[in-house]
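The values are calculated or read from the model by the stated rules, or taken from the named source; none is laboratory data. Computed from a predicted structure; not experimentally measured. Quick reminder, even Gly has a Cβ in these numbers, built from the backbone with ideal geometry, and neighbours come from all protein chains shown.
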């Protein structure tokens, strides 16, 4: 059963990674319509994950699955999707748009200044170190894992299913 969960989450993680990557590419232009579409895609990701988890329960687990196995499946699926999205983002910021991180860093500085958050030069340097292509990709993976964990904690309640009392 463990191989089935990993194999299935890898296959569905590929789909999630493609969707995460498309969502990233859609959000690049600063357009309100594309921004709205990006939020819609985030909702679609949740619905798609639910469908994937139910299909996994019904096909791989013979209709029965525990909360913890469902949670593991969802987190693994998001993890594999996050790896793909992280690789796409790394490729984008390293080879396609090398100024993307600089613009992101400038936006971060403006936000920090607008909120009047006290920052010394050392903290700014730490922020710049984190905003390397590798750091950006790793942050992507962590954000998607957190998104997957929160989604999984809630969704696993709706997907879990025990044996019927008549079996």
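Quickly run through region 1-18 and pick out the residues that are out of contact with any helix residue (DSSP H, G or I) (no Cβ under 6 Å at 6 or more places or on another chain), in contact (Cβ under 8 Å) with a residue 60 or more places away in the chain and either assigned to a helix (DSSP H, G or I) or crowded, with 16+ Cβ neighbours inside 10 Å (or both). Don't jump to the end; show me each part of the working.
Residues of region 1-18 that are out of contact with any helix residue (DSSP H, G or I) (no Cβ under 6 Å at 6 or more places or on another chain), as a first pass: 1-4, 6-7, 11, 14-15, 18.
With in contact (Cβ under 8 Å) with a residue 60 or more places away in the chain added as a condition, the list becomes 1, 6, 14-15, 18.
Within region 1-18, 6, 14, 15, 18 qualify.
Among the numbered criteria (1) part of a helix (DSSP H, G or I); (2) at pLDDT below 95; (3) touching a strand residue (DSSP E or B) at 6+ places or on another chain (Cβ under 9 Å), which one does residue 42 miss?
All conditions pass for residue 42, except number (3).
If we keep just the residues of region 53-80 that are in contact with a helix residue (DSSP H, G or I) (Cβ under 7 Å, 6 or more places away or on another chain) and over 14 Å from residue 6 (Cβ atoms), which is modelled with the lowest pLDDT?
Among them, the one singled out is 63.
Consider residue 102 carefully, then state whether it is out of contact with any helix residue (DSSP H, G or I) (no Cβ under 7 Å at 6 or more places or on another chain), farther than 16 Å from residue 13 by Cβ and surrounded by fewer than 12 Cβ atoms within 10 Å (Cβ to Cβ).
Values: out of contact with any helix residue (DSSP H, G or I) (no Cβ under 7 Å at 6 or more places or on another chain): yes; farther than 16 Å from residue 13 by Cβ: yes; surrounded by fewer than 12 Cβ atoms within 10 Å (Cβ to Cβ): no.
Criteria not met by residue 102.
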